[in-house]
Amino acid sequence: MHTPPIVSPAEWAAAHRRMLVKEKELTRARDALAAERRRMPWVEVTKPYRFHGPEGEASLLDLFDGRRQLIVYRAFFEPGVHGWPDHACRGCSMMADNLGHLAHINARDTTLVFASRAPQADIERVRARMGWQMPWYTITDDFDADFGVDEWHGTNAFIHHGDRVYRTYFVNNRGDEALGTNWSYLDLTALGRQETWEDSPEGYPQTAPYEWWDWHDEYGRHAPSRWFGEPDPDDPNDQRPPLTRAEPRGAR
């Protein structure tokens, strides 16, 4: 194994500063790409897809669970997939293990679900065994073929206005491997993180960063808090000093 050079702390700090410049450039480029993604055209979904869920038959609109946006990850768990019937595919299982608590994504008016061709009884058995909490539906028709996930995993994003559903984005292959955090999923959606620092089209919903964050079991129980964030410039009673130990979101 040919290791990098061993250097002094000062030399290491200088190398880190040089790397940080490139990391900041990458972060800003990623933010710019997400801004462009929010301006992608939409395509209406008119086919009446049907799924099976824990509560019975469901439409694509039902999968939104009353929220404005929907993210659907196509996981391979079905007869013919290695591991059946004890396991879903190894990669899809790793994706499931990467997920944090979905309450944070839900707080941005977004629902994330998994979908496979396995029957619900098998999905519930494996989901319980592996400790997974995400909603997981059974595909019953051409949804996987129509949305590019019949032969490989992939993630589709949707939005709805009333009863009309639109496909807004799609990513698969290595694009999926970066997913797992709340931010990575929200950055795929048409509305993004919905924070005021984002470059979004006029009229998109946005709130101040940090304020909407909460413990996953406390969402909806109290008003948004400014306990972590910059002082509110519109509130003369908010006399807290600016943050000094952490960069504002979006700075890096």
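Annotation: for a label point projected 7 angstrom from Cα along Cα→Cβ of residue 46, no residues of the range 110-153 have a backbone N closer than 13 Å. How high is the FRET efficiency from residue 57 to residue 215, r the C-beta distance, R0 35 Å, rounded to 0.05? The computed FRET efficiency comes out at 0.55.
Based on alpha carbons, the Rg and Dmax found for the range 1-125 are 21.6, 64 Å.
Tell me, what is the FRET efficiency for residue 199 and residue 163 to the nearest 0.05, using R0 = 25 angstrom and their Cβ-Cβ distance as r? Result of the calculation: an efficiency of 0.25.
Entry note, the range 1-116: relative contact order of 21 percent, from Cα contacts under 8 Å with a spacing of 6+ residues. Largest first, the three principal axis extents of the alpha carbons in the chain are 57, 56, 35 Å in whole numbers.
Entry note, the range 65-127: relative contact order of 47 percent, from Cα contacts under 8 Å with a spacing of 6+ residues. Each Cα pair under 8 Å and six or more residues apart adds its sequence gap; the mean of these over the residue count of the range 55-97 is a relative contact order of 22 percent. Run the accessible area of the chain with a 1.4 Å probe and give the carbon-and-sulfur part as a rounded percent. Carbon and sulfur atoms account for 55 percent of the accessible area of the chain. For a modelled paramagnetic label at residue 103, 7 Å from Cα along Cα-to-Cβ, no residue of the range 39-76 is in reach, as no backbone nitrogen comes under 11 Å. Using the 1.4 Å probe convention, the accessible area of the chain works out to 59 Å² per residue with neighbouring protein chains retained. Spin-label model, residue 134 to residue 150: label points 7 Å out along the Cα-to-beta-carbon direction sit 2.3 nm apart. With point charges of +1 on the Cβ of Lys and Arg and -1 on the Cβ of Asp and Glu, referenced to the Cα centre of the range 34-75, which listed residue (54, 75, 43) lies farthest in the positive direction of the dipole? Final value for the positive-end residue is 43.
Our note on the geometry: Cα centres of the range 38-93 and the range 109-135, 10 Å apart. Taken over the alpha carbons of the range 137-209 as equal point scatterers, the Debye sum produces base-10 log I(q)/I(0) values at 0.13, 0.18, 0.19 Å⁻¹ of -0.49, -0.86, -0.93.
The values are calculated or read from the model by the stated rules, or taken from the named source; none is laboratory data. Just so it is clear, the structure is predicted and the values come from calculations on it, not from any experiment. Here the Cβ is made from the backbone with ideal geometry for all residues, glycine too, and neighbour counts use every protein chain on show. Accessible surface is based on the protein model in full, side chains and every heavy atom, while ligands, DNA and RNA are left aside. Shrake-Rupley method; radii C 1.70, N 1.55, O 1.52, S 1.80 Å.
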